[in-house]
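A short reminder: the numbers here are calculations on the coordinates, not readings from a lab. Note that this is a predicted model, so its numbers are computed, not measured. Positions of Cβ are generated from backbone atoms using ideal geometry, with glycine treated the same way; all protein chains shown enter the neighbour counts.
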Protein chains: 4
Amino acid sequence: MIVIMERGATREQVGDVVARVKALGLGAHLSTGEERTIIGVVGAPLPLTLDEELEIHLGVERVVRVTKKYKLSGWDFHPEKTRIRVRDVVIGGEEITIIAGPCSVESEEQTVGTARAVKAAGAKMLRGGAYKPRTSPYEFRGLGRRGLEILAAAREETGLAVITEVMTPADIEEVHAYTDVFQVGARNAQNYLLLEEVGKAGKPVMLKRGLSMQLEEWLLAAEYVMAQGNPDVILCERGIRTFEPLTRNTLDVSAVPVIQGMSHLPVFIDPSHAAGKRAWVPALSLAAIAAGADGLMIEVHPSPDHALSDGAQSLTFAEFAALTPRLAAVAEAVGRGLPMAEEMAAV
Amino acid sequence: MIVIMERGATREQVGDVVARVKALGLGAHLSTGEERTIIGVVGAPLPLTLDEELEIHLGVERVVRVTKKYKLSGWDFHPEKTRIRVRDVVIGGEEITIIAGPCSVESEEQTVGTARAVKAAGAKMLRGGAYKPRTSPYEFRGLGRRGLEILAAAREETGLAVITEVMTPADIEEVHAYTDVFQVGARNAQNYLLLEEVGKAGKPVMLKRGLSMQLEEWLLAAEYVMAQGNPDVILCERGIRTFEPLTRNTLDVSAVPVIQGMSHLPVFIDPSHAAGKRAWVPALSLAAIAAGADGLMIEVHPSPDHALSDGAQSLTFAEFAALTPRLAAVAEAVGRGLPMAEEMAAV
Amino acid sequence: MIVIMERGATREQVGDVVARVKALGLGAHLSTGEERTIIGVVGAPLPLTLDEELEIHLGVERVVRVTKKYKLSGWDFHPEKTRIRVRDVVIGGEEITIIAGPCSVESEEQTVGTARAVKAAGAKMLRGGAYKPRTSPYEFRGLGRRGLEILAAAREETGLAVITEVMTPADIEEVHAYTDVFQVGARNAQNYLLLEEVGKAGKPVMLKRGLSMQLEEWLLAAEYVMAQGNPDVILCERGIRTFEPLTRNTLDVSAVPVIQGMSHLPVFIDPSHAAGKRAWVPALSLAAIAAGADGLMIEVHPSPDHALSDGAQSLTFAEFAALTPRLAAVAEAVGRGLPMAEEMAAV
Amino acid sequence: MIVIMERGATREQVGDVVARVKALGLGAHLSTGEERTIIGVVGAPLPLTLDEELEIHLGVERVVRVTKKYKLSGWDFHPEKTRIRVRDVVIGGEEITIIAGPCSVESEEQTVGTARAVKAAGAKMLRGGAYKPRTSPYEFRGLGRRGLEILAAAREETGLAVITEVMTPADIEEVHAYTDVFQVGARNAQNYLLLEEVGKAGKPVMLKRGLSMQLEEWLLAAEYVMAQGNPDVILCERGIRTFEPLTRNTLDVSAVPVIQGMSHLPVFIDPSHAAGKRAWVPALSLAAIAAGADGLMIEVHPSPDHALSDGAQSLTFAEFAALTPRLAAVAEAVGRGLPMAEEMAAV
């Protein structure tokens, strides 16, 4: 950590900072220039808020942290990319993983039908919300336990692994009984107690990026899960909030290479929530794969016109089936695979 | 609700929309122009997601909602401004309410000392975090129940009402036993299950605005609390996330008049989290009062240099005492009062 | 246009709006519901600011525009995609166009050397700044006319068409003498007089998206050029300003499909300015092609460590040569071509 | 400047950076810690892009600039606050300056009438656009020279100093002949050649903040004007672009104290463009004065319902006259004056 003193900081002010640093059992190296003094703080471990603590001393202009705040999710102590096995799927490997399914579980017919259709088109996992966060309390909020049962039935029927959202710690046990992967939604991405509890639950967690979360904050949220002993976190970018009104959110496709430079965790893209309109979902899906994403999570519905939520952004079965071979082609072009779709193409 | 069909939408497409509307027991009035057809949907109640449902029909260009989504928080059915009594303080009345105190409760000495100091300077309520949301899991996260006991002791000592944050439903009962007002923080502003549970708990709730929450979404979050039968919601703007890096957040002072035009709920400003640096807190506090805010929540610490959190943005006792008479002067200039500070000035 | 009156708007207020509409020679159709009155405004042409004019009448709650504000750039009156011939390159056709070159023209050796290298790797056009907009007046601002001469020399040498930025109307004539395509930069994207003057100059114009420009505003800026009789506008997305600090800007890859749905103009992506770091340029370039972009503009420099501007985001010759075959593979996967690179691969 | 090398940077990489620094005639001080090496760069002047140049060397993790990029606008070399005399008005002194007038000059009657009304209510300067930047080329763009003549007539009639926008260098001479202060609009805030030309023109310049301009970039834009020998720059915050759709822009009221900490230049607020609706203009105006702004620029129109531009955000004469005494009261409460309004009140 480096403390940059103001021009004209007094000797006493410099001394105060040095004293504070030494009181913490750390070392302080002074570098006195013509214009100002700079103090290097060395030793370990540095208290996590040391920068804030030093910044408020009189005479300090700025404090620059040299070491990273995120640890478990970073490459420094985990030089291998994380691979997560979910039933017979490996997430984070050479192959792209496609998760698809309806926004909300509405009925067994709707969900099992969708599961069959997306499996046939190359999806490896089934998504579907039993507990739905909604901006307004007056909207459809999911079937709850009945929705979980339907997801399990769809898994039984198709063999697809299941991912569903958990919204509050009290639901973890119930959701755990049915799901293969917990999803923590964008609005709960900094609900730290939920992150910790889900971190203790012993199943992989997909952590969506919050609407205004910086990439470093996202990794710190993942740390909440990982610090509970759960290394199996999947990050999922789903669009951030910007000034552009035409898209529901702005897909930050750069998150893929940037996160991959910072972290060994797999990175997915949810093009449906980013776009908000189904017409744009294919282009964003293709872009995500080309950018290096480890997978996609796409909303698909048997009859989007009649969906209880997010119909405007859900693909029909036919649209999804038309998309997966194109995804496979791009995956191959960037040296990844999407085998199911190829097999399917061979049928 | 108005459905605008595309140029060239077919008679069948128009018919499909009309049929859908009628199937819901609603009326449809057609207005056929030279360029396109517009369908007015009438009847009540309109399903909350009807706009989304109609928008995805073929031939529909746009759907425009005419009635508002928020109900309990709006003026339409509650033409009186909400006033909330908390012990002997009335929030939302003629007088401005100042809440002050440390970011985190760190010790009895620190908290009781701060309570005495801020009361002497005109504050009517004491803030202090016992459970702290932190971006990183490795930071100080509050004293928990011991923090709540200390807040109660400070109330005992000074008579100040207490507000403290609750982060998860499981803590509500415990926090309820000590606090006068629940605070729901910015990161939990769309944690809907927390909002509902706190709505059932029977004490006033201060709802901070999320970092990227639109004003209408904020009112919809308040609806979650109010729909549980709790009318006593205080809104608190604390800065939104923008591209400007110098301030911790960007204070959206316009939220005050805009919300006051939409809702009868009291609106507070938290200048400390918006600014991120104590030097800017006075200017933002004065601006908030001038803009018509019903109150302020300000961080004050006996020794900000040694605070365990948010030291950089906390005022010292002296700074806070110097600020309140200026707040009183501006409050008077805009036709509001801040009586404590005046009395104090008179002493 | 639809005028939605407030609940409780008086008959007089409705009458005022109707009178205003009729005074403009337009028709007004009333639709009086139980709760409120809605006025449909018909006739053509609607004054461009009619919505604003009507919105301020007493009793009006909202005005909704039904027809689009952009005309020349939209599909309505130009159902064919625009193709622009620049020397022997066709922009906007089946094939992807790669533009590459240094941020600034620094010397003949640097520019001609880069031109040769990028041509060999598959680029079809050469970029290079002779006049450079810089955030600070104390930075390197380009070689001016000497820079233009160097670009012309590089074209002479390699046959590559040239694109360079024009910053002010007074420079148009000079730049016109040397360039094949004018570039209008992000900071000048709403410099309307420059847009009009460049629209009169008779050569194609690449219009970069402003840092906080909404997509509809971008098309309206293109209208400034096109309204002068110049149909040859290329749009170039280069990242927008958001709250994320790690990337220089946030690439809005969704702009590609969204604009393609609105407009017949070709859309390019500049991954270099979006990323700000060369490590992320390949992933963004691949994503852009997969999303359907008509071309890329990439910064390449013989020795980025010694570039006078934007070195951090410039690719080396070797990095660029390694990228183009990957771009060609993705282009092919999405049904587009990148022929030069293929030939090159064949050599 | 401080260069932070990566963990594991080689001795050669460190040596390369040191060599580069020394080749520029600067000094390099090494500080070798257990984990990494840090290089302090000393000497003056540091090249302005040195941080970017060093950042791209292999083995460099980050470069931190210690000295500020803005010079003429900062306090370091100009410890007195700038006061600008415009006719008999002093901007930046104890007294608040109110500028008011129509968005566009539409007719002599409209402009002279407005000038008389705003003068009577306490305004010291008249605003009015003769050349108007408009998002669409199909909107009203001002009367041009005739508009300038009308402004001059209004000044003749009332004695109010005049401010009007200049959009392109070619218009500077003409505008100079009529105006007292040049306005550079938000969309031209980084039109550097315009800034330089207007800097040479020898009259004060009001520089509006661009829609997505960071505060430091704003000061750097002011440097373009000041570097031409013109010290008389007034900064004017008018709202920034965010995700909130209800307000036209988000007023960044924090800009007032933050800029005042960085710069000696006067800071104004334009509440009209920030709000976009007249109902919110008073609250924002009062907040601006309370926050310490040196003045306001407010849109006023004799008949906003019939304004050719920005009618929705313009105050009527009566609304403006009702506002100024309230502004005077807040100005007094924060130790500033607004004398005209007081005199007026005394009449």
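Can you sort A:PHE268, D:PHE140 by how many other beta carbons sit within 10 Å, fewest first?
Ordered by Cβ neighbours within 10 Å, fewest first: D:PHE140, A:PHE268.
Tell me the distances, shortest first, between D:GLY335 and the same position across the other copies, using label points 7 Å along Cα→Cβ, in nm to one decimal.
Those label-point separations list as 2.8, 6.4, 7.0 nm.
Taking 1 over the mean of 1/r across every pair of different Cα atoms in region A:43-91, what Kirkwood radius in Å do you get?
Mean inverse Cα-Cα distance, inverted, gives 14.1 Å.
Taking D:ALA23 in one copy and the same position in all the others, each labelled 7 Å out along Cα→Cβ, what are the pairwise distances from the first, in nm, shortest first?
The projected label point of D:ALA23 is separated from its counterparts by 4.7, 7.2, 7.3 nm.
Suppose R0 equals 45 Å; then what is the FRET efficiency for A:GLU149 and A:ASP76 from their Cβ-Cβ distance, rounded to the nearest 0.05?
For A:GLU149 and A:ASP76, the calculated efficiency is 0.55.
Return the lysines within reach of B:LYS68: Cα separation strictly under 28 angstrom, same-chain partners fewer than 8 residues apart disregarded; answer none if there are no such residues.
A:LYS132, A:LYS277, B:LYS22, B:LYS81, B:LYS200, B:LYS203, B:LYS208, C:LYS68, C:LYS69, D:LYS277
Any chance you could check the Cα centroid distance between region C:89-154 and region D:259-331 for me, in angstrom?
If we compute the Cα centre of each part, the gap is 46 Å.
Translational diffusion coefficient of chain C at 20 °C, 1.002 mPa s, Stokes-Einstein with Kirkwood Rh over Cα pairs, in µm²/s as a whole number.
Translational D for this selection: 98 µm²/s.
I need the inter-copy label distances for B:GLU174: point set 7 Å along Cα to C-beta, values in nm with one decimal, smallest first.
B:GLU174 label point versus its equivalents elsewhere: 2.3, 7.2, 7.3 nm.
Helix A:317-333: angle to the longest alpha-carbon principal axis of chain A, degrees 0 to 90, nearest 10?
50 degrees
Using the alpha-carbon centroid of each, what span in Å lies between region C:36-82 and region B:211-234?
Answer, in whole Å: 33.
Checking the a/c ratio against 1.5 first, then a/b against b/c, what shape does the Cα gyration tensor give for region D:216-276?
Cα axes put region D:216-276 in the prolate bin.
For region D:242-306, what are the per-bin percents of Cα-Cα distances with bins 10 Å wide, up to the bin holding the maximum?
Per 10 Å bin, starting at zero, the Cα-Cα P(r) for region D:242-306 comes out as 21, 48, 26, 5, 0 percent.
If you wrap a convex hull around the Cα atoms of region D:180-226, how much volume per residue is inside, in Å³?
In region D:180-226, the Cα convex hull volume per residue is 55 Å³.
Tell me, what ³J(HN,Hα) does each residue in region B:156-166 have, in order and in whole Hz, if you take phi through Karplus 6.51 cos²θ - 1.76 cosθ + 1.60 with θ = phi - 60° and put x for Gly and Pro?
Karplus-based 3J(HN,Hα) across region B:156-166 equals 3, 6, 10, x, 6, 5, 10, 10, 8, 7, 10 Hz.
Could you line up B:HIS29, B:HIS264 from fewest to most neighbouring Cβ atoms inside 10 Å?
Least to most surrounded, the residues fall as B:HIS29, B:HIS264.
What dipole magnitude, in Debye to the nearest 20, does chain A give about its Cα centre under +1 on Lys/Arg Cβ and -1 on Asp/Glu Cβ?
That gives chain A a dipole magnitude of about 100 debye.
Which residue of chain C is nearest the rotation axis onto chain D, counting by its Cβ, and what is the distance in whole Å?
C:SER212, 2
Which of rounded, prolate, oblate describes region D:129-280, given a ≥ b ≥ c as roots of the alpha-carbon gyration tensor eigenvalues and a/c under 1.5 marking rounded, otherwise prolate only if a/b is larger than b/c?
It comes out oblate by the Cα gyration axes.
Could you list, bin by bin from short to long, the percent of Cα-Cα pairs of region C:228-347 in 5 Å steps?
Each 5 Å bin holds this share of Cα pairs: 2, 12, 19, 21, 20, 14, 9, 3, 1, 0.
Roughly how big is the protein assembly as shown's charge dipole about its Cα centre, with Cβ charges of +1 (Lys, Arg) and -1 (Asp, Glu), in debye to the nearest 20?
For this selection, approximately 0 debye.
How compact is region B:29-119 by the rule of thumb for globular proteins, expressed as Cα Rg over 2.2 N^0.38 Å?
Compared with the compact-globule rule of thumb, region B:29-119 sits at 2.07.
With the crude spin-label approximation of a point 7 Å out along Cα→Cβ, what separation in nm comes out for A:GLU94 versus B:GLU12?
My value for the distance between the label points is 4.8 nm.
If r is the Cβ-Cβ distance from B:THR316 to A:LEU24 and R0 is 25 Å, what FRET efficiency results, to the nearest 0.05?
E between B:THR316 and A:LEU24, to the nearest 0.05, is 0.65.
Taking just the alpha carbons, could you work out the radius of gyration and Dmax for the protein assembly as shown, both in angstroms?
30.9, 92
Choose one answer from C:PRO47, C:PRO133, C:PRO266: the residue with the largest mean-square fluctuation in a GNM of chain C with alpha-carbon springs under 10 Å.
C:PRO47
Would you grab the residues whose amide H sits under 5 Å from the one on A:ILE91? Only those 5+ places off in sequence or on another chain, please, with H modelled 1.01 Å from N.
A:ILE84, A:ARG85, A:VAL86
What shape does region B:71-136 have by the C-alpha gyration tensor, where a ≥ b ≥ c are the square roots of the eigenvalues, rounded means a/c under 1.5, and otherwise prolate means a/b greater than b/c and oblate the rest?
In terms of gyration-tensor shape, oblate.
Which ³J(HN,Hα) values in Hz, rounded to whole numbers, follow from the phi angles of region D:70-81 under the Karplus curve 6.51 cos²θ - 1.76 cosθ + 1.60, where θ = phi - 60° and Gly and Pro get x?
8, 10, 5, 8, x, 6, 4, 10, 8, x, 9, 5
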